[in-house]
Each structure stands twice: as C-alpha cells, then as structure tokens.
Amino acid sequence: MEKGRNDNSQKPSGALFEQALAQVRPGSVPEGGAGLLAESRRMRAAADSRELWLYMPFSMLCETLYGKKEGYSDIIRQFEEIKARDYGRMVRGACAGDRRESRELAWFLAACVDTLEFTSMEIYEHYRYLADLARATVRVLAKQCRPSGGRGGMEPETAGAIGGSVLKACRMGVLLQEKYEDYGLELLAHSRKGFPEREAVK
C-alpha cells in the first residue's frame with residue numbers, strides 16, 4: 001500500500017478519530033468505514049515519533065476493521081524506519097534527562113501502545129513486534145533512565161504521557177501489572193497536566 005506523500009496531507013480529523021474510538025471501544029463497528037479507510041490511506045508516511053502517534057493508531061484501526069489488514073506491513077515498516085533512525089538517540093537523551101528527547105520517546109511509546117490496541121492478534125508477528133517494542137522501551141525507562149535523569153528531566157506533560165502509556169500497557173496485558181504499575185503511577189504523580197490532548201500537541 002502506498003501512502004500519499006503530499007506535504008499538504010492532514011492528520012486524521014479529530015472528530016472522525018474520536019467517533020471511531022467511541023464506537024469501537026464498546027465493541028460496535030463505526031459507520032462510514034470506507035471513508036475512514038480512504039482517509040487513512042491518503043495520509044503521508046510518518047516523519048517522526050510524534051507523527052507515528054498521530055497517524056498510526058487511526059491507520060491500524062481502519063486497516064483492522066475495513067482494510068482486511070492489507071496495510072499492516074506498511075504501518076510496521078514506518079515504526080521500523082523511525083526506530084532504526086531515532087530510537088537510540090531518543091533513549092540516550094531521555095536517560096540523560098534531555099527534555100526534548102524524553103518527549104520524543106514518550107510519543108514513540110504512546111504510538112506503540114495506542115497502535116497495538118487496534119492490531120489484530122491474527123497477524124501475530126506484527127502484534128508481537130509492537131508489544132515487544134513497547135516492553136523494551138518501558139524496561140529502558142524504568143531500569144536505565146531513572147538513575148541518570150529519569151522523570152526529574154521530564155516535563156510534567158511528558159511524565160504524564162509515559163505514565164499513561166505504561167498503565168494502558170498494563171491494562172492490555174502487554175506489561176506485568178505487578179511489576180510496572182507503580183512506575184506508571186509514579187510518573188503520573190510527577191505530572192500536573194496528565195496526557196496531552198491529541199489535537200493540542202504542537
């Protein structure tokens with residue numbers, strides 16, 4: 001599947017995304033599936049971790065419900081490309097207390113967890129890839145980043161974003177709740193703002 005590369009491509013409509021989530025979470029199927037799928041496939045490829053977070057959950061939702069999972073490989077490829085290019089830099093910076101790198105890593109983790117939520121386990125290799133990536137990122141943050149900066153180098157908004165992703169991954173069974181729940185709660189306690197609104201991120 002080829003995603004549009006037009007620089008004028010827009011992120012998915014907030015109203016469409018929230019409408020879809022509101023209906024999917026209780027287990028029903030959102031209306032207007034063909035339009036949602038077409039919009040997701042018109043979006044440009046993600047350029048960085050922030051765009052992974054903005055675009056990929058919406059794309060995965062549409063591919064799972066309406067695209068016969070044909071676009072899964074393209075979505076995973078975008079994660080692989082950004083991981084290969086940016087992951088090491090983000091982790092090193094986050095563990096050194098760099099606020100910008102911490103924020104980028106927060107977006108990357110949120111992209112993994114939010115996209116995984118809409119990934120079918122029928123395509124297990126792709127589900128496993130995102131789950132393993134989320135686990136590896138949280139392990140690094142919990143074990144390596146705390147001593148050399150950790151949450152002390154995070155903006156409250158960033159700490160809230162990471163904490164929210166950790167707790168969500170625990171709820172989904174991706175992380176062991178008894179091992180990582182306290183870490184997620186610790187980060188949320190550090191945050192005054194909590195998870196930023198998807199539309200409000202600048």
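None of the figures in this text is laboratory data; all of them are computed from the coordinates on show. None of these values were measured; they are calculated from a predicted model. Methodologically, a virtual Cβ is constructed for each residue, glycine included, from the backbone with ideal geometry; neighbour enumeration extends over all protein chains shown.
Summary of values
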{"item": "Pairwise FRET efficiency - ARG85 versus ASP132, Cβ, R0 = 22 Å, nearest 0.05", "result": "0.75"}
{"item": "Integer Hz, Karplus 6.51/-1.76/1.60 couplings in order for the range 123-139, x for Gly and Pro", "result": "9, 5, 4, 6, 4, 5, 4, 5, 5, 5, 5, 5, 4, 4, 5, 5, 4"}
{"item": "Relative packing of 76-84, 173-181, 36-44, which averages over residues the other C-beta atoms within 10 Å, highest first", "result": "36-44, 76-84, 173-181"}
{"item": "Label-point gap, in nm, between GLU186 and MET121 - each point 7 angstrom along Cα→Cβ", "result": "3.0 nm"}
{"item": "Per-selection Rg to Rh, the range 74-128 - Cα, Kirkwood hydrodynamic radius", "result": "1.05"}
{"item": "Förster radius 22 Å - calculated FRET efficiency between MET172 and SER73 (Cβ-Cβ, nearest 0.05)", "result": "0.50"}
